[in-house]
Amino acid sequence: MSDYEILDERFGRLIHRPARLERLWTGGRWTEGPVYVPAARHVIWSDIPNNRLMRLEEVEGRTAVFETPCGHHNGHTLDAEGRIIACEHSGRRVSRLEHDGRWRTLADSFNGGRFNSPNDAVVKSDGSIWFTDPTYGIDSDYEGYIMPSEQDGAHVYRLDPASGALTRVITDMVQPNGLAFSPDESLLYVADTGATHVPGMKGEMRVYPVAADGASVGEGRPFATCGAGLFDGFRVDRHGNIWASSEDSVRVHAPDGSLIGRILIPEIVSNLCFGGPNRNRLYITATTSLYAIYVNTAPAR
C-alpha cells in the first residue's frame, strides 16, 4: 500500500514517491509539538499526558527524555536566535528556553487573568510571537489540571517579547489551535478545533489578512474543512502549501484551499514540522509515536 494519496499533480511534485514513512519512536500517550533544532541536530516533542519532553538525536537516532516534568508542554517553535518557544498547559504560560538552559516566562496572563492553556505558537519575522489559548489544558487532569478559566473565551494573542506588549488579535474562534503564516506573512492561518466542545461543529481552518501594521489582522474567512476529524497543528512550505494534521493523514492544501494530496498515517496526527539539514524531512507526531518522511519541499522560512 502506498504512503501517499495523490489528488493533484501539484502534490506529486512535493513528494519523493520512493520515500516511505518511518516510525522513529513509539511509547507516548498523546505526542505533540515537534520542533527541529538545527544547532543541535535534534527534534524535541511533547508527550503531554506523561508531562515530559522527548528528544531524538538525528545523527545517532537515539531517543531519550529531554525534560520531566515540563508543565505539560504542547506546541513549540523557534525564534530567530534558535531558542525554543513553548506553550505550556499546566504552566498556563508561554516560555522560552534560554541559551543557559533555563526556561523563562514570556507571558502568563492577560487583563489580570491567567491564560487558559497556551497551545501552539509561531514567530513572525519581526520577532513577535503569535499563539493560541484554548482550554484543553484546564478541561481535565489528563493534559494538565482542571481549573476554571480566567478569560472570557479562547483567543489568539500577539506578544512582543522585547517590550512585553501583549494584544488579542483574534476573538471569533471557539478553540483556536494550530497557526502559521503564509510565506510573505500577509496571511495568518488558524485551525479551530471547537468541535470538541460544540457538537456538530466542523473541523475548520480559517485565514486572516495581516494588517499593514503587521501587528493585527482583518476579518477572517473559511479556508478549508477537514475531511477526517479536525485540523490540529500544521506548517506552511515555501510554496505556500499547508501541511496539516488530521485523523488519518497529513493533508496538504494548496494556497487556493484545495486538497491536493495526503500522506497516510496509521494513527491520529497531532502536529508536524520540517527538519533535517536541508529541512526536507517532515517529522510527524501522531498519538503514541514520532514518524518521519522525506519530501520535496522545505518550510517557508
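Among the conditions (1) out of contact with any Asp or Glu (no Cβ under 8 Å at 6 or more places or on another chain); (2) at pLDDT 95 or above; (3) not in a strand (DSSP E or B), the only one that I44 does not satisfy is (3). Among the residues making up segment 54-64, those that are within 21 Å of the chain's Cα centre (by Cα) and farther than 11 Å from G28 by Cβ are R55, L56, E57, E58. Restricting the first member to segment 199-214 and to residues that are touching a residue at least 12 places away in the same chain (Cβ under 8 Å), and the second to residues that are part of a loop (DSSP other than H, G, I, E, B) and small (G, A, S), the beta-carbon pairs closer than 7 Å and six or more apart or on different chains are G203/G229; R206/G220; V207/G220; Y208/G218; Y208/G220; P209/S186; P209/G218; V210/S186. Just one residue in the set F115, F131 is among the aromatic types (F, W, Y), out of contact with any Pro (no Cβ under 8 Å at 6 or more places or on another chain), within 22 Å of S216 (Cα to Cα) and surrounded by 20 or more Cβ atoms within 10 Å (Cβ to Cβ); that residue is F115. If you go through segment 261-296 and pick out every residue that is over 18 Å from the mean Cα position of the chain (by Cα) and not in a strand (DSSP E or B), you end up with 4.
Restricting segment 177-223 to residues that are of a type in the set (V, I, T) and open to solvent by 50 Å² or more (accessible area, probe 1.4 Å) leaves a set whose member that is farthest from V123 (Cα to Cα) is V198.
So is H89 surrounded by 23 or more Cβ atoms within 10 Å (Cβ to Cβ), over 25 Å from L187 (Cα atoms), in contact (Cβ under 8 Å) with a residue 60 or more places away in the chain and not aromatic (F, W, Y) or not? The answer is no for H89.
Of all residues in segment 1-34, those satisfying the criterion of being open to solvent by 10 Å² or more (accessible area, probe 1.4 Å), assigned to a strand (DSSP E or B) and either acidic (D, E) or touching a Ser or Thr at 6+ places or on another chain (Cβ under 8 Å) (or both) are E5, E22, R23, L24, W25, T26. The set of residues in segment 156-176 that are surrounded by fewer than 20 Cβ atoms within 10 Å (Cβ to Cβ) and assigned to a loop (DSSP other than H, G, I, E, B) comprises D160, P161, A162, S163, G164, A165, T171, D172, V174. Within segment 245-267, can one find any residue that is within 17 Å of N74 (Cα to Cα) and open to solvent by 10 Å² or more (accessible area, probe 1.4 Å)? Among the residues of segment 245-267, not one is within 17 Å of N74 (Cα to Cα) and open to solvent by 10 Å² or more (accessible area, probe 1.4 Å), which makes the answer no.
Examine segment 111-132 for a residue that is at pLDDT below 95 and more than 26 Å from G28 (Cα to Cα), and state whether such a residue exists. Checked against the condition, which is being at pLDDT below 95 and more than 26 Å from G28 (Cα to Cα), segment 111-132 yields no hits at all.
The values are calculated or read from the model by the stated rules, or taken from the named source; none is laboratory data. Remember, predicted model here, so these are calculated numbers, not experimental data. Backbone-built Cβ (ideal geometry, glycine too); neighbour counts: all protein chains shown. Each accessible area value is taken on the protein alone, full model and side chains, heavy atoms only, with ligands, DNA and RNA left out. Shrake-Rupley method; radii C 1.70, N 1.55, O 1.52, S 1.80 Å.
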